[in-house]
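Remarks on the structure that follows.
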Amino acid sequence: MDPIRRKILKTGAAATAMAAAPRVFAEQAEQGGARMSFYEKGPVRIRYEEAGSGFPLLLIAGGGLNSVMAGLPRSPFNPIEEFKGEYRCIYADLRNANAGQSSGPLDVDRPWDSHTDDHLGLMDHLGIDKFMVLGFCIGGPFIWNLIKRAPGRVVAAVPAQPVGFRPEMPTLLYDGSMTGWGPELVKRRPDITMDIVQKYLTKMYRTNPDFVFTVTREFVRNCQTPVLILPDDVPAHPYAVAMECAMLAPKAEVSMYPWKEPPTRIPLAVRQIRSFLRAHRPTT
């Protein structure tokens, strides 16, 4: 067979193989030094970025269901700038966050797990097995769910100002999402109604309203993953729940409190996070 015909056949075979592969799509771009990409699997499309190099560190922004990567620099400290010199930082817009570019169905039967599917799917897409995770606010329940779903993959975790259930304000998170997230989502997604949003949020925040939403106290008591907890004490971030996690988890550490006020304390908290991650980072 002549070389030209062989090349044509080889190209055609490669195209056929690509067409038959599962629909996992990525667009690469450079934006401010970070690598911006899109990951697709089925009806889900997740926009994510990477910065730095080293052992993988998944970053989860606060903001509830409106968590977007642009929120990370607005956190009490910017984890991208703090850790990209030492770690491969990976961060994404949460599925269906109103200000983000990630989208997918509302899984009314498994709201927390659907987001964990996205986090683990992104790691799989990037070829990452083991990783660390640092998350603010809603990142707390996500972190516990990641540890539950993939205990051998999460090497160490840092829940900062984590969300938790506050008995004296039992509908706080549900009400906030019903007014601050759901209506805007419905406006831009004709396939989603407020009835679907209500069912989704009911399953997420009201069906089993307790503790950290995603795991039980018994799970935390038996968790062998090292965890560093940075407590907060605002309505959505109850100090009591953060400290209960710190007391229950056998390999937990806790920061000073308060660590955000005065602002001069924040560098001390970052220093503790850095030491914690280094202590648990695999040597190979």
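The values are calculated or read from the model by the stated rules, or taken from the named source; none is laboratory data. In this text, all values refer to a predicted model and were calculated from it rather than measured experimentally. Every residue, glycine as well, gets a Cβ built from its backbone with ideal geometry; the counts of neighbours run over all protein chains shown. Ligands, DNA and RNA are excluded from the accessible area calculation, which covers all protein heavy atoms including side chains. Shrake-Rupley method; radii C 1.70, N 1.55, O 1.52, S 1.80 Å.
Restricting attention to strands (runs of 3 or more DSSP E) lying wholly within the stretch 1-119, give those where 3 or more residues are modelled with pLDDT of 95 or more. Walk me through how you get there before you give the answer.
Numbers: elements: 29-31, 34-41, 44-51, 55-60, 87-92.
Passing ranges, in order: 34-41, 44-51, 55-60, 87-92.
Of all residues in the stretch 243-266, which are surrounded by 12 or more Cβ atoms within 10 Å (Cβ to Cβ) and not aliphatic (A, V, I, L, M)?
The answer is GLU244, CYS245, PRO250, LYS251, GLU253, SER255, TYR257, PRO258, TRP259, LYS260, ARG265.
Looking at ALA269, ALA240, ALA279, which one is within 15 Å of GLY140 (Cβ to Cβ), modelled with pLDDT of 95 or more and either open to solvent by 10 Å² or more (accessible area, probe 1.4 Å) or in a helix (DSSP H, G or I) (or both)? Outline the logic, then answer.
Values: ALA269 fails: within 15 Å of GLY140 (Cβ to Cβ); ALA279 fails: within 15 Å of GLY140 (Cβ to Cβ).
Just a single option satisfies the conditions, and that option is ALA240.
For the stretch 100-121, which positions are over 13 Å from the mean Cα position of the chain (by Cα) and open to solvent by 10 Å² or more (accessible area, probe 1.4 Å)?
GLY100, GLN101, SER103, PRO105, LEU106, ASP107, VAL108, ASP109, ARG110
Consider ILE229 carefully, then state whether it is outside any helix (DSSP H, G or I) and either surrounded by 14 or more Cβ atoms within 10 Å (Cβ to Cβ) or among the hydroxyl-bearing types (Ser, Thr, Tyr) (or both).
On the way: outside any helix (DSSP H, G or I): yes; either surrounded by 14 or more Cβ atoms within 10 Å (Cβ to Cβ) or among the hydroxyl-bearing types (Ser, Thr, Tyr) (or both): yes.
Against the criterion (outside any helix (DSSP H, G or I) and either surrounded by 14 or more Cβ atoms within 10 Å (Cβ to Cβ) or among the hydroxyl-bearing types (Ser, Thr, Tyr) (or both)), ILE229 qualifies.
Suppose we keep only residues that are open to solvent by 80 Å² or more (accessible area, probe 1.4 Å) and closer than 23 Å to ASP117 by Cα within the stretch 178-206. Which one would you say is nearest to the chain's Cα centre (by Cα)? Break it down stepwise before answering.
Filtering the stretch 178-206 for residues open to solvent by 80 Å² or more (accessible area, probe 1.4 Å) gives 179, 184, 187-188, 190-191, 195, 199, 203, 206.
Checking the rest, the ones that are also closer than 23 Å to ASP117 by Cα come to 191, 199, 203, 206.
Numbers: ASP191: 25, LYS199: 22, LYS203: 19, ARG206: 21 Å.
Ranking the candidates gives LYS203 first.
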